Amino acid sequence: MDHHRVSRRTKILTDHLNPSPSTATSTLSLTPCLNYSPPELSNPFVFNVREMRALMDGHSLEDRDWIFNLIIQSDLFNRREQGGRVFVSPDFNQTMEQQREITMKRIEYLKDNGVFKGWLTDDGPEADLRKMALHEVIGMYDHSLGIKIGVHIFLWGGAVKFLGTKRHHDKWLKSTENYEMKGCFAMTELGHGSNVRGIETITTYDSNTGEFVINTPCESAQKYWIGGAANHATHTIVFSQLNIDGSNQGVHAFIAQIRDSDGKISPNVRIADCGHKIGLNGVDNGRIWFDNVRIPRENLLNSVADVSSAGEYLSAIKNPEQRFGAFLAPLTSGRVTIAANAVYISKISIAIAIRYALTRRAFSITPNGPETLLLDYPSHQRRLLPLLAKIYALSFAVIELKMLYVKRTPESNKAIHIVSSAYKAITTWNNMRTLQECREACGGQGLKTENRIGHFKGEFDVQLTFEGDNNVLMQQISKALLAEYIAHEKRNKPFKGLGLEHMNHPLPVIPSQLTSSIIRSSEFQINLFHLRERDLLRRFAAEVSQYQAQGESKESAFIQSYQIAEDLGRAFSERAILKTFLEAESKVSPGALKDVLGLLRTLYALVSVDEDASFLRYGYLSTDNAAAVRKEVPTLCAELRPHALALVSSFGIPDAFLSAIAYDWVDSNSWSSTQH
């Protein structure tokens, strides 16, 4: 190697190890360490967040705040201090057995503080709404706790209340409310989940003893995923085929004891644990086999049908289909509570992700300039703010659903079933998508269990399939809409109910060229959603009819048309949600709050359009107009950016129910924080 090359390499190495001040500063400018700055200092609120919270919660604000504080003040709820704030969330380092036991201790604490008072013994819309509000807050703390209480009160207790009569109410409602016994709900079987009609458990009547005999005839008939069955439940509602004198009368509901008060399993009952799950390990899901278990005749929940002491089957509802529908009534409350719970979990995750994005910086846009806040990047706005708009839309939808439910009448039951199925599917799908996006938007911090979002994914995934698989629910909705359409065609009467009245009016006309002002108008948005729904309904009816003309049965034709059925189910759901948003918006006085709601509603509508290929597939929008809609989305996100903090603050969720990265994430990760 020549002398010149050696000298040059020596100089390069020397300069690298001992850079001159001028060389160092020209390459890299030293900046002070990052510090947390509260976003409130630079994000002023232009509307009244308390007024917005009242719109978002819809009811029972004082009751919500009371139970928030009840949970936060107790060490039973794993209180811890980080970054100068108190946080509460379950300790998922505990074993499955420990999680189950702490769940029961928390239930005991809530009972002793009067939380469950009147949940089954008080009647009327106000009592129902208070119960829902308290249950929503409990579910925001821990899904296991919410489910464990929900199975006992809403499913077991709801079945006794709505399927039973006075003799059952007098015996069971007060004792259920006081947790003198613990109930569970044995509907699902190993071989049958969504298809309740096909369950295989068989109950016969013995007129010699005046007893029903419940039997699990095969392994696929074992009751499965029964919350509370593995450890704690003393009684269960058994859904079973009722066989009277060799004639199957269909699915009925019975009360059976499965344990005594000391926890000893009852004779001829076998129980096994479902084991560890990806979430909900504070709930003791179990499997149950019945080996000719005898129960008194009075344990048939008999508001729909009864059996006399002589063994005669009695029911005022002669139609087996209508009888079956009446027995499924308790499931409606489950879908209502799941939908509400999914929205509140989405609120927690988006609040954490947006607060973090308002204080976390990454990269500089200008040389040697300050790093940019995550939420000032248009791409980050596009990730989070449409989800925020959807959460606002779904909040209004769930409030409407709850009001429908608490004011229900026999005439409204069908509508409640369809709307609850729609909103349960849409809210839970959206929740999982929100959790995933927020987890990613929080980077590595989103992986930490203490920051809640990542762990929520495992906890709430189950919502997509329990109380009805979402894809099946979408098809059920389309089936119901098809029945409405066929009835309309046969009777030549106007559509009435389910929001289908728009079908009675002329077909909406979409302008051939869309401007920003047209795209943002509520009239254009609802017209576009109406156009999609009515066209898909007609296409669905035509496709089913075509399959039938080819010799397929009605059921087979429906199954073959599943793709358009799912498109129609989504179209119905999103139109109903947009309509509810518009109704809520119309009740607000002109001003800043109404203006922000208008931005949120428009963003919800446009993102829904952008995400659904139906608008292009069936020609509701031209490619140019679809592009114009898409182009408007980032503009709306930029306009909502200054309101992001106010919008998540309007959820009314206490700091303690969020997580450390929503606040001073530097201090909560400091060395000193590890020394406590």
Do we have residue 151 as open to solvent by less than 10 Å² (accessible area, probe 1.4 Å), farther than 25 Å from residue 451 by Cα and either among the aromatic types (Phe, Trp, Tyr) or in contact (Cβ under 8 Å) with a residue 24 or more places away in the chain (or both) here?
no
Residue 63 passes all but one of the listed conditions (1) touching a Lys or Arg at 6+ places or on another chain (Cβ under 9 Å); (2) assigned to a loop (DSSP other than H, G, I, E, B); the exception is number (2)
Listed by first then second residue, the pairs whose first member lies in the range 603-622 and is of a type outside the set (D, E, K, R) and at pLDDT 95 or above, whose partner is open to solvent by 50 Å² or more (accessible area, probe 1.4 Å) and not in a helix (DSSP H, G or I), with beta carbons under 8 Å and at least 6 positions apart or on separate chains, are 622/512
Taking the range 614-626 and the residues there that are exposed (fewer than 14 other Cβ atoms within 10 Å of the Cβ) and on the phi < 0 side of the Ramachandran plot, the one that is nearest to the chain's Cα centre (by Cα) would be 617
Restricting the range 136-194 to residues that are under 15 Å from residue 285 (Cα atoms) and aliphatic (A, V, I, L, M), the one nearest to the chain's Cα centre (by Cα) turns out to be 147
Every listed condition ((1) out of contact with any Lys or Arg (no Cβ under 7 Å at 6 or more places or on another chain); (2) closer than 20 Å to residue 299 by Cβ) holds for residue 223 save (1)
Note: among 219, 211, just one is in contact with a Leu (Cβ under 7 Å, 6 or more places away or on another chain) and open to solvent by 20 Å² or more (accessible area, probe 1.4 Å), namely 219
Requested in this report: Tell me, yes or no, whether the range 328-339 has at least one residue that is modelled with pLDDT of 95 or more, crowded, with 17+ Cβ neighbours inside 10 Å, farther than 30 Å from residue 144 by Cβ and touching a helix residue (DSSP H, G or I) at 6+ places or on another chain (Cβ under 7 Å).
Outcome: no
For the range 75-92, pairs from a residue that is under 15 Å from residue 144 (Cα atoms) and among the acidic types (Asp, Glu) to a residue that is at pLDDT below 95 and in a strand (DSSP E or B), with Cβ under 6 Å and 6 or more apart or across chains, are none
Checked the range 347-389 for anything among the hydrophobic types (A, V, I, L, M, F, W, C), touching a residue at least 24 places away in the same chain (Cβ under 8 Å) and open to solvent by 10 Å² or more (accessible area, probe 1.4 Å); matches are 374
The lone condition residue 238 fails out of (1) more than 12 Å from residue 186 (Cα to Cα); (2) assigned to a strand (DSSP E or B) is (1)
Filter the range 204-229 for residues that are within 21 Å of residue 178 (Cα to Cα) and in a loop (DSSP other than H, G, I, E, B); the one that is nearest to the chain's Cα centre (by Cα) is 228
### Query
Quick one: would you say residue 92 is at pLDDT 95 or above, aromatic (Phe, Trp, Tyr), under 24 Å from the mean Cα position of the chain (by Cα) and over 30 Å from residue 305 (Cα atoms)?
no
Requiring at least 1 residues that are out of contact with any strand residue (DSSP E or B) (no Cβ under 7 Å at 6 or more places or on another chain), within 23 Å of residue 488 (Cβ to Cβ) and open to solvent by 60 Å² or more (accessible area, probe 1.4 Å), the helices (runs of 4 or more DSSP H) wholly within the range 537-613 are 554-560, 562-586
Is it the case that residue 303 is among the hydroxyl-bearing types (Ser, Thr, Tyr) and either crowded, with 22+ Cβ neighbours inside 10 Å or not in a loop (DSSP other than H, G, I, E, B) (or both)? no
Original post:
Would a scan of the range 186-197 turn up a residue that is buried (at least 18 other Cβ atoms within 10 Å of the Cβ), of a type in the set (Val, Ile, Thr) and either assigned to a strand (DSSP E or B) or in contact (Cβ under 8 Å) with a residue 60 or more places away in the chain (or both)?
Top reply: no
The residue from 86, 115 that alone is open to solvent by less than 30 Å² (accessible area, probe 1.4 Å), farther than 30 Å from residue 598 by Cβ, outside any helix (DSSP H, G or I) and modelled with pLDDT of 95 or more is 115
Is it true that some residue in the range 156-165 is open to solvent by 20 Å² or more (accessible area, probe 1.4 Å) and either touching a strand residue (DSSP E or B) at 6+ places or on another chain (Cβ under 7 Å) or among the β-branched types (Val, Ile, Thr) (or both)? yes
Q. Is there a residue being buried (at least 17 other Cβ atoms within 10 Å of the Cβ), among the charged types (D, E, K, R) and without any contact (Cβ under 8 Å) to a residue 60 or more places away in the chain anywhere in the range 516-536?
A. yes
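The values are calculated or read from the model by the stated rules, or taken from the named source; none is laboratory data. What you see is a predicted model; the values in this text were computed from it and never measured. Please note: Cβ atoms are built from the backbone with ideal geometry, for glycine as well, and neighbour counts cover all protein chains shown. These accessible areas exclude ligands, DNA and RNA; they are computed on the full protein's heavy atoms, side chains included. Shrake-Rupley method; radii C 1.70, N 1.55, O 1.52, S 1.80 Å.
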